[in-house]
Amino acid sequence: MTQITLQTGPERRRRWSEDERRRILTAAFTAGAVVADVARQLEVSTSLIYKWRQQSVAGEARAAFTPVILASDRTAAVTPAEARAIVVELGNGARLTIGAQASAALVTAILRALR
């Protein structure tokens, strides 16, 4: 049996709240989910789901803060090369050292890849 939704009145577009958008995005982009299937089930355009995801990612990239921990008590002596470097310690224990000679574009690309 086919179901048809008839919308009457001057407003024919549906309005999705932020909570509904988040719920749809979560359902569409969980592991193993197919965006087209989720869109069909929830009666949302597939392109609209991708547009919401793009807006969500752009909104997250606008303002983000990363906690910084300053370690002043080092047991080993700091070499001059190490003094002019950025050391990034990741949550899994890995350590990344970016030298002072690295270009701004390279540093930006590395930090974006780690995000």
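Every number in this text was worked out from the coordinates using simple rules, so none of it is lab data. Worth saying up front: this structure is predicted, and the values here are computed from it rather than measured. No Cβ is skipped: glycine too gets one built from the backbone with ideal geometry, and neighbour counts run over all protein chains shown.
Listing for the model above:
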quantity: Net charge of neighbours whose Cβ lies under 10 Å from the Cβ of Leu42, counting Lys and Arg as +1 and Asp and Glu as -1; calculated: -1
quantity: Point-to-point label distance, Ala58-Arg15, nm (Cα→Cβ direction, 7 Å offset); calculated: 2.2 nm
quantity: Leu106 versus Glu89: modelled label distance in nm, points set 7 Å from Cα along the beta carbon direction; calculated: 2.5 nm
